[in-house]
Amino acid sequence: MISFVPEPHLLDSPRGRDWPPSPGAHGTRTTPPPATADVAIIGAGPAGLAVASALWHLGVHDVVLLDREGRACGRFFDRVDVLGQRVLRSPYEHHPGVEGYRDCELLDFARLHWSLLTPVERREIRMAQAGHRSVVPVDVFEAYCRHVATLHHVDERIRRASVREVRPTADGVTVRGDGFTVSAAYTVLCLGEERRSAPADWWDGEATPRSVSYWDEPVPPEARRLIVVGSGLSAAHLIANALGDGKSVHWVLRASEERYQCADVNASFFRAEGRARFDGTSWEDRQILMGGQRRASVMFEFRPLLRSAEADGRLTVHRGSTITAVTPERAGRAAVRLAGGEQVIGDHVVLALGTAVSNGEHLLPDGVTAPRDGWPDLDEQTLAYRNAPRVFAVGAAAGMVLGPAARNIDGHRVATARVATAVAAHLESAAVPLHADDRMAARV
Ligand SMILES: Cc1cc2nc3c(=O)[nH]c(=O)nc-3n(C[C@H](O)[C@H](O)[C@H](O)COP(=O)(O)OP(=O)(O)OC[C@H]3O[C@@H](n4cnc5c(N)ncnc54)[C@H](O)[C@@H]3O)c2cc1C
């Protein structure tokens, strides 16, 4: 079989271009959150942005977005920038727009800014137009997110705030954080995923040793010999950056072999027929599908680079290696101990162990989330928590309803269509009961 491997230069795109500001941009407000709102959205990442934009189209304007970062998609761009990631993994047709409304889509937006793009970026647009897989610059995506946020008046509704608790009652939801309380009719949790921590037994004590950091933190520039742990795209970026800086790298993988693929889940799961594989199937079958699809993998574009670095000795790959301990060595060096007894020694260890879904458990009262294997118990049509019908989830938390694409930008559009339609319908007819049997379900 002939396999086509895209060229590594597709991974590069300029960052920080001077995009023309969207007309009418207000910027984020620094005022405290309002005391009341029809809808409080917690999290202003791509999921929160999609929900707020969809509600705007549906005429729901009394909306507040509460977000720790205080800006649209702030955490997403902080994360990709600390990794030096210049292109998205999702293609042009995935964007945080609104399902069913012909807003200017990501591809249209990129074409409108043709003069700002490099020849490689223009070629990728032509690939997308021809229906092939395409690579989207982070820079284009960020400018587009700003455009969507401005167009739908989202920026002006974002408040920098850390939410500590969400308390549903029969006729509303109380959202509290440090120094503020919002009483909302409905709340949508768009919490995303937190980075996965190392197992407690990898080192003594709670504090992370100084010679160890995580993928979303800067790598100390003085570390010449890096140990990267993990098999996903973040690990690949860390390795590529280190090699580019002339460092040598040890790559520790639990799997017997690294996996290369274009998207992080099979493309069919971004379409209705993929989601249909979830509908009506047992919990156990869904778990099998999720287990198979949520395995770490690296974009194909990295393969030539990583293979050649391994061949010339700049990269040493420890495949099929289970870590038993990470120990700080003398003189600030670190050692990773593997199950077979081998020790890998370097100046610094970076852990890229993936992310864990925020299911709302730390915000909602005990028993409301009713998690099964970590997944919250959600109504399959509306994505409302079954034990708190005024609280909804969009994003990775909806994974066991929508399938593996729920954690991706494209999955947010599908989840949003269900949630926004249900919320708008409830608001329009306060008489509509909120119980599952009678609920006006938004079928998408
Ligand atoms: C490096 C990297 C690259 C990725 N690339 C892609 C890609 O190319 N394509 C793709 O589809 N997906 C990609 N993903 C997955 C990506 O994270 C999601 O698609 C997207 O960010 C999820 O959006 P979200 O809004 O659900 O979560 P997030 O972007 O994480 O946003 C959630 C927001 O909620 C805030 N928040 C959480 N809890 C609280 C609280 N209690 N109070 C206040 N605020 C809170 C967070 O601070 C954050 O700002 C990537 C992920 C990473 C880490």
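General remarks:
- Residues that are surrounded by fewer than 22 Cβ atoms within 10 Å (Cβ to Cβ) and touching a strand residue (DSSP E or B) at 6+ places or on another chain (Cβ under 7 Å) were ranked within the range 367-376; the one that is farthest from V423 (Cα to Cα) is G374.
- Test: residue in the range 173-192 that is over 30 Å from D38 (Cα atoms), within 23 Å of the chain's Cα centre (by Cα) and part of a loop (DSSP other than H, G, I, E, B): no
- Members of the range 321-338 found to be at pLDDT 95 or above and loosely packed, with under 13 Cβ neighbours inside 10 Å, listed by number: T322
- Residues that are β-branched (V, I, T) and either within 14 Å of the ligand (Cβ to nearest atom) or not assigned by TED's automatic domain parsing to the domain that holds A384 (or both), drawn from the range 139-172: V140, V148, V154, I158, V163, V166
- Exclusive hit being at pLDDT below 95 and among the aliphatic types (A, V, I, L, M), set V80, V98, V63, V136: V98
Quick grid of which residues meet (1) over 30 Å from H9 (Cβ atoms); (2) part of a strand (DSSP E or B):
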| position | (1), (2) |
| --- | --- |
| F269 | no, no |
| L289 | yes, no |
| E310 | no, no |
| T316 | no, yes |
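- Residue in the range 90-109 that is of a type in the set (K, R) and touching a residue at least 24 places away in the same chain (Cβ under 8 Å) present: no
- Filter result for L55 (more than 10 Å from the ligand (Cβ to nearest atom) and over 22 Å from A420 (Cβ atoms)): no
- Qualifying residue in the range 255-276 (condition: touching a strand residue (DSSP E or B) at 6+ places or on another chain (Cβ under 7 Å) and within 16 Å of R407 (Cβ to Cβ)): no
- Scanning the range 339-355 for residues that are under 24 Å from R294 (Cβ atoms) and open to solvent by 40 Å² or more (accessible area, probe 1.4 Å) yields A339, L353.
- Evaluated against (1) within 13 Å of the ligand (Cβ to nearest atom); (2) more than 14 Å from A47 (Cβ to Cβ), G395 falls short on exactly one condition, (2).
- Residues that are closer than 26 Å to T355 by Cα and in contact with a helix residue (DSSP H, G or I) (Cβ under 6 Å, 6 or more places away or on another chain), drawn from the range 157-210: V188, C190, E193
The values are calculated or read from the model by the stated rules, or taken from the named source; none is laboratory data. Note that the coordinates shown come from a computational prediction; the quantities given were computed from them, not determined experimentally. All Cβ positions, glycine included, derive from the backbone under ideal geometry; neighbour counts span all protein chains shown. SASA here: full protein model, heavy atoms, side chains in, ligands and nucleic acids out. Shrake-Rupley method; radii C 1.70, N 1.55, O 1.52, S 1.80 Å.
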